[in-house]
Amino acid sequence: SISSTSLLPQQQCQVVQHKEKMACIHFLNGNCRFGDRCKLAHSYTAPRPLCRFFFNGGCTNASCQFSHENRTTVNSNDEEKSPVHSFYEGGSLSWFQNNAENLLLFGEADFSFTMALSCLGIYPAHATTDSKLEPGTLADRYCTLSNVDATRCHINTQLKSRSFQITKCAWNFPFMGVEEDDSIHTSLLSGTFLSVAAYLTENNYSKNKEFALTLQGDQFSRWSVLECAQRAGFSLDWWEEFDSFQYPGYLPKRGNGERFPAQNARFYVFRLAI
């Protein structure tokens with residue numbers, strides 16, 4: 001377990017400098033919105049992220065700015081990196097501990113994650129599910145609201161009455177039950193980011209509003225998560241590898257109860273612009 005004094009009340013995001021930054025693809029395309037604040041390299045000679053289409057059968061974009069170098073010739077230090085060069089001291093577990101009293105959890109399937117947090121002395125303000133409650137389950141003990149649609153949280157009357165308290169939202173492994181269909185999940189996350197932005201700004205004047213997502217593998221790129229976030233006014237603040245074994249008893253499951261291995265998972269935190 002974690003003692004209440006082992007982590008600072010508010011730990012700052014710390015910058016991690018890499019020897020050579022990856023090139024900003026948006027800069028290469030002439031449309032980077034961040035200018036001098038961009039955390040990627042605005043350079044035509046910097047190493048570029050690998051093109052996943054090229055290595056999965058062929059890229060059909062004649063003007064593709066991603067790297068088409070053969071994998072055998074690419075230095076291991078030049079592998080694709082996240083666009084964010086920062087971390088949060090203590091990672092996801094520390095973030096949950098420091099923000100629990102102002103945290104709204106979406107999409108809890110069997111509430112084993114909420115239970116795991118409680119075992120560590122971490123108690124989110126609200127843990128919700130998008131389905132109906134079943135008697136005799138963990139939901140009976142840990143769920144505060146059921147039938148919560150994350151894409152419509154800003155008009156949920158029960159949530160709106162609590163919006164003054166909530167400054168953080170989080171969702172572990174969002175899933176629509178359709179074998180990770182890219183277009184459906186992109187639409188899901190686009191609607192969620194827009195709704196969360198509206199919800200967090202309605203009755204709360206805090207300057208530190210955040211939305212955290214835990215995703216697997218290449219879902220971040222396949223589901224156009226960064227574009228969805230930016231469209232709603234969020235920017236990617238930091239990310240860390242997500243280790244489900246840090247949360248005792250947590251067994252990641254789909255909404256239908258199906259377990260899945262949380263491999264190559266990452267925890268992304270987006271901050272809402274003021």
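The values are calculated or read from the model by the stated rules, or taken from the named source; none is laboratory data. The model shown is predicted, which means the values in this text are computed figures rather than measured ones. Virtual Cβ from ideal backbone geometry, glycine too; neighbours counted across all protein chains shown. All accessible areas refer to the heavy atoms of the entire protein, side chains included, with ligands and DNA or RNA removed. Shrake-Rupley method; radii C 1.70, N 1.55, O 1.52, S 1.80 Å.
Among the residues of region 153-212, those that are aliphatic (A, V, I, L, M), closer than 19 Å to VAL269 by Cα and not in a strand (DSSP E or B) comprise ILE166, LEU188, LEU189, LEU194, VAL196, ALA197, ALA198, LEU200. Take region 163-174 and flag every residue that is touching a Leu at 6+ places or on another chain (Cβ under 8 Å) and at pLDDT below 90. Matches in region 163-174: SER163 only. Evaluation of SER235 against the conditions (1) assigned to a strand (DSSP E or B); (2) free of Cβ contacts under 8 Å to residues at least 24 places away in the same chain shows that the sole unmet condition is (2).
Tell me, yes or no, whether region 203-210 has at least one residue that is under 18 Å from the mean Cα position of the chain (by Cα) and open to solvent by 20 Å² or more (accessible area, probe 1.4 Å). Yes, some residue in region 203-210 is under 18 Å from the mean Cα position of the chain (by Cα) and open to solvent by 20 Å² or more (accessible area, probe 1.4 Å).
Filtered by the rule that a residue be modelled with pLDDT of 90 or more and crowded, with 16+ Cβ neighbours inside 10 Å, region 175-186 gives HIS185, THR186. Just wondering, is there one or more residues in region 230-239 that are among the aliphatic types (A, V, I, L, M) and open to solvent by less than 30 Å² (accessible area, probe 1.4 Å)? Yes, because at least one residue in region 230-239 is among the aliphatic types (A, V, I, L, M) and open to solvent by less than 30 Å² (accessible area, probe 1.4 Å). Only a single criterion out of (1) in a loop (DSSP other than H, G, I, E, B); (2) modelled with pLDDT under 65 is not satisfied by GLY30, namely (2). Of the residues in region 93-112, at least one is assigned to a loop (DSSP other than H, G, I, E, B), touching a helix residue (DSSP H, G or I) at 6+ places or on another chain (Cβ under 9 Å), of a type in the set (A, V, I, L, M, F, W, C) and modelled with pLDDT under 90.
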